[in-house]
Amino acid sequence: MDGLMVPMEHVLVIAGLLFICGLFGLMLRRNIIFMLMSLEVMLNSAALAFIAAGAHWGQADGQIIFMLILTVAAAEVAVGLGLVLQIQRRFKTLDMDQAHRLRG
Amino acid sequence: MLATLFYIAALIALTSTMAALTRANAAHALIYLIVSLLAVAVMFFLMGAPFAAALEVVIYAGAIMVLFVFVIMMLNLGDTGEDREREWLAGRNWFVPGAMAALLLIEMLMVLGDFQGVTSGNAVSPKAVGIRLFGPYLLAVEIASMLLLSSLVGAYHLGRRFIVRRGEH
Amino acid sequence: MNTIALIPLFPLLSATLLIMSAGRMPRHIAATIGAGSVGLSAICVALLARDFLADGQVLELTLWTWMSVGDFAPRIAFYIDGLSIVMMSVITGVGFLIHLYSIEFMWEDESICRYFTYMNLFVAAMLLLVMADNLLLLYLGWEGVGVCSYLLVGFWYKDSANGAAARKAFIVTRIGDTAMALGLFLLLTELGTLDIQPMMIAANSQWQTGDALPVLATALLLGGAVGKSAQLPLHTWLPDAMAGPTPVSALIHAATMVTAGVYLIARTYGLFLLAPPTMEAVAWIGLATLLIAGFTALAQNDIKRILAYSTISQIGYMFLALGVGAFASGIFHLMTHAFFKALLFLAAGAVIHCLHHEHNIFRMGGLRTRLPIVFLSFFIGSAALAALPFTSGFYSKDAILLSAWALEDIGPWLWAGGLLGALLTSIYSFRLVFIVFFGEAKTEPDRQPGWKMAGPLLLLCLLSLVGGWFALPLAGVFPAAAEHTVNHAVEWISIGTPLLGLLLAYLMFLGGQLSVDKMVASSGARALRDFWFSGWRIDQLYDVLWVTPYKKISYWMRNEPVDAIYNGIVAANQWAHHRLLVLQNGELRWYATTMVVGLILLLAVMLRNAP
């Protein structure tokens, strides 16, 4: 034992709500930092779904996928924040509606 | 009792996420986000994944969020930035994203539909995770390490130029 | 043996040398190389001819295999028999004299280097044509001379009329050449070889006289010959081709290239003998051409155009000879014609050269005393052209007419037509002589021809006079002509006709007893004269029939309607590209939103398809 019996449906709905929140934030915000945060939320919601699935089957695979998501999130944030610095330097703004030139 | 705790944590996670994504001040938003992550970590723990919960706290809420803090401090956006953010968050901008999100939510709920089943209630120990990670998932670990390496190089490259330029001026 | 290969090599080498100098060679060097190379060839031909006349040995020389495609392996190979020797002698001999003459004629032209390049290239191609042992190599030379003719007719290309004349010459002959190419394909597929001698043997064994296939094949070859030799209905290019320098007209459009059609028919006589209908067509084409051109020449007033029509007319005689089976007579006339027509053209060139480029015969006159050498040349040339007794033209034309008379059935008709042509020839030749060299002077010459002009003229005079006494080594080439007895009345009429023509010309154009003005007084006669002057309105007819519709069609097609489909596809793509480009605006939120829309749609589809 040592775990909680929660209906899968509930956990997945919570994960879905979190995901929608992240997506909503991504579409709403113009600031690149907030967009990155929204991405983190979305990744996190996916991780929640995986952990729930792992808990459902009582297997370790869910947590392993979580760790891979963690890796992706960390890599993404590292590169993304580097880009934020560059954008700030070049465009003097973090507004992605203004920084839409496709060529460097 | 524990079930109540789970739902409270879920509620905190949702509300603080919503709050985080609608703040005008980036630092405030970040704190809300950390709260949200900690709440999710609680949910992980309650679902019987203590190792994942620990990683969530240490790496997500800790390391990754600290990176955000660094960058926000470095850019030092100030009050003008905050005013602008508030302006961008005016009600009329909510319509399209809100409609999209609502539509998608409805669809997702329909997909989930009458999904049956509960979590097993069995905890999966860090040892079990470790054995599987370095057994059948070894290739995934290698790929993840490559990814981290490349992102390390990328982040170094992007950030270094920023710092060097700063020094030049 | 190696002299054979050297013969076309000299002019070819010289042309290459002149091309590579890019026109910067000093003119005396260019002229020396240009004329000298042909002179060397002429010497080689003379040596070859001496050997050939001594032993009569047919020479064959294979240089290399041109290409090898399956069973088809044409060679670069030469076949030298009496016919080739005659042709080569004419080309290099007359060619050398004309080159020599050209030096003086073209001396003041700034592109003399280019001139000699083309001329040498022409001589090389023409030699290839007559020496070739297979029809494909012959065709190479055939097209080579066509190209050189085009280049030389349009030599003074800065006048667009000359360019138009060059194009006309090229395109009209190309019509015939296409027919000839088809004929070659037919011969290759049917007989399996293009080597002329084996081909004729194979044709003899495979085909019966009068079969459809040899008739078709020879008709196609005849198409090529008709185009090249300016016979009806493809003769219209030759008068316009006079736009080129006069020595070019002498060499290409009188002595050599235009007789290539005659050579082709004579060379492949074995095929033509298998196709009596084609032979008869050759004869009738020759007759019709010689009469139409003769009448046209009567009404012209440009000295070179008169000579051009007379060339067409004389080649008509050669065709007539070929058509009645008198191949040797045809070739004989080809040779004598080369002598006297080159002489006439060169003399006309001298007149033009000395009279400030005057072409209209009615603005000349009285040149008999002012340009005595030219007068002598022109008189002898005209006498030979008119076939006055004991000139070279007399023997050859007489032989043709007698052969025509001897033919059964249609022979007397051909003979009568040929005789009428002879009368016309005599009248227009002496009309030219009387108008240009007698009467009062209207333009004064500003110079006398130098030795480089006079020398070739005098030599050609000699050849025009004595050319009729040459015995051509053609006995082994063609089947022996049947001995026929000719009644002497016919012979006397043949001899008398040119003299009658001379008398008529004298009465009309010098004595004044018969006034031309009175003759054309009536409107009917005037219309007839205009009709003849325009060359029987054949040019206008072709304009209406072909040129105008073609221009119309190309005008309609100028936007390339077929391409419009593909252009439409391109335009649609570009349009869609520009519409879709709006999506690629670089705005991150826009991308996110579109992704969400896509996700929503995907999920909607999933839900709809879910059980």
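Summary of computed values
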{"quantity": "Residue, nearest to A:Ala15 (Cα to Cα), within the range B:37-59, restricted to residues that are within 11 Å of the chain's Cα centre (by Cα) and facing chain A (nearest Cβ under 7 Å)", "calculated": "B:Val40"}
{"quantity": "Total residues in the range C:519-532, condition loosely packed, with under 12 Cβ neighbours inside 10 Å and either in the same structural domain as C:Ala299 (by TED's automatic domain parsing) or in contact (Cβ under 8 Å) with a residue 24 or more places away in the chain (or both)", "calculated": "0"}
{"quantity": "Subset of the range A:29-71 (residues that are at the interface with chain B (Cβ under 7 Å from one of its Cβ atoms), surrounded by fewer than 24 Cβ atoms within 10 Å (Cβ to Cβ), assigned to a helix (DSSP H, G or I) and touching a strand residue (DSSP E or B) at 6+ places or on another chain (Cβ under 9 Å))", "calculated": "A:His56"}
{"quantity": "Residues satisfying the stated conditions in the range A:7-16, i.e. facing chain B (nearest Cβ under 7 Å) and free of Cβ contacts under 8 Å to residues at least 12 places away in the same chain", "calculated": "A:Pro7, A:Glu9, A:Val13"}
{"quantity": "Pick from the range A:17-28, criterion in contact with a Leu (Cβ under 8 Å, 6 or more places away or on another chain) and more than 7 Å from chain B (Cβ to nearest Cβ), ranking: modelled with the highest pLDDT", "calculated": "A:Gly22"}
{"quantity": "Count - residues of the range A:1-22 that are among the acidic types (Asp, Glu) and in a helix (DSSP H, G or I)", "calculated": "1"}
{"quantity": "Extreme residue, farthest from A:Val11 (Cα to Cα), among residues of the range B:85-101 that are more than 8 Å from every other protein chain (Cβ to nearest Cβ) and part of a helix (DSSP H, G or I)", "calculated": "B:Glu87"}
{"quantity": "Conditions (1) more than 24 Å from C:Val86 (Cβ to Cβ); (2) out of contact with any Phe, Trp or Tyr (no Cβ under 7 Å at 6 or more places or on another chain); (3) among the aliphatic types (A, V, I, L, M); (4) buried (at least 23 other Cβ atoms within 10 Å of the Cβ); number of the one not met by C:Ala288", "calculated": "(4)"}
{"quantity": "Any hit, the range B:15-31, residues being buried (at least 17 other Cβ atoms within 10 Å of the Cβ), hydroxyl-bearing (Ser, Thr, Tyr) and more than 7 Å from chain A (Cβ to nearest Cβ)", "calculated": "yes"}
{"quantity": "Cross-chain or 6+ apart pairs with Cβ under 9 Å, the range A:46-58 first and in contact (Cβ under 8 Å) with a residue 60 or more places away in the chain, then hydrophobic (A, V, I, L, M, F, W, C) and in a helix (DSSP H, G or I)", "calculated": "none"}
{"quantity": "Condition check for A:Ala74: more than 7 Å from every other protein chain (Cβ to nearest Cβ), on the phi < 0 side of the Ramachandran plot and within 13 Å of the chain's Cα centre (by Cα)", "calculated": "no"}
{"quantity": "Test set (1) within 9 Å of chain A (Cβ to nearest Cβ); (2) modelled with pLDDT of 80 or more; (3) surrounded by fewer than 17 Cβ atoms within 10 Å (Cβ to Cβ); (4) within 24 Å of A:Ala49 (Cβ to Cβ) - B:Met108 fails condition number", "calculated": "(3)"}
{"quantity": "Some residue of the range C:123-131 being in contact (Cβ under 8 Å) with a residue 40 or more places away in the chain and in contact with a strand residue (DSSP E or B) (Cβ under 7 Å, 6 or more places away or on another chain)", "calculated": "yes"}
{"quantity": "C:Val86 being surrounded by 13 or more Cβ atoms within 10 Å (Cβ to Cβ) and closer than 18 Å to C:Cys148 by Cα", "calculated": "no"}
{"quantity": "Top-ranked residue of the range C:568-611 - restricted to ones that are within 14 Å of chain A (Cβ to nearest Cβ) and not in a helix (DSSP H, G or I), ranked as surrounded by the fewest Cβ atoms within 10 Å (Cβ to Cβ)", "calculated": "C:Val582"}
{"quantity": "C:Leu232 vs. criteria out of contact with any Gly (no Cβ under 7 Å at 6 or more places or on another chain), farther than 20 Å from C:Pro74 by Cα and either surrounded by fewer than 24 Cβ atoms within 10 Å (Cβ to Cβ) or at pLDDT below 90 (or both)", "calculated": "yes"}
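For (1) aromatic (Phe, Trp, Tyr); (2) at the interface with chain A (Cβ under 8 Å from one of its Cβ atoms); (3) surrounded by fewer than 16 Cβ atoms within 10 Å (Cβ to Cβ), each residue gets a yes or a no:
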site	(1), (2), (3)
B:Phe115	yes, yes, yes
B:Val124	no, yes, no
B:Lys127	no, no, yes
B:Tyr137	yes, yes, no
B:Ala144	no, yes, no
B:Leu147	no, yes, no
B:Leu152	no, yes, yes
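The values are calculated or read from the model by the stated rules, or taken from the named source; none is laboratory data. Just so it is clear, the model here is predicted, and its values are computed rather than measured. A quick note on method: Cβ atoms are made from the backbone with ideal geometry, for glycine too, and the neighbour counts reach across all protein chains shown.
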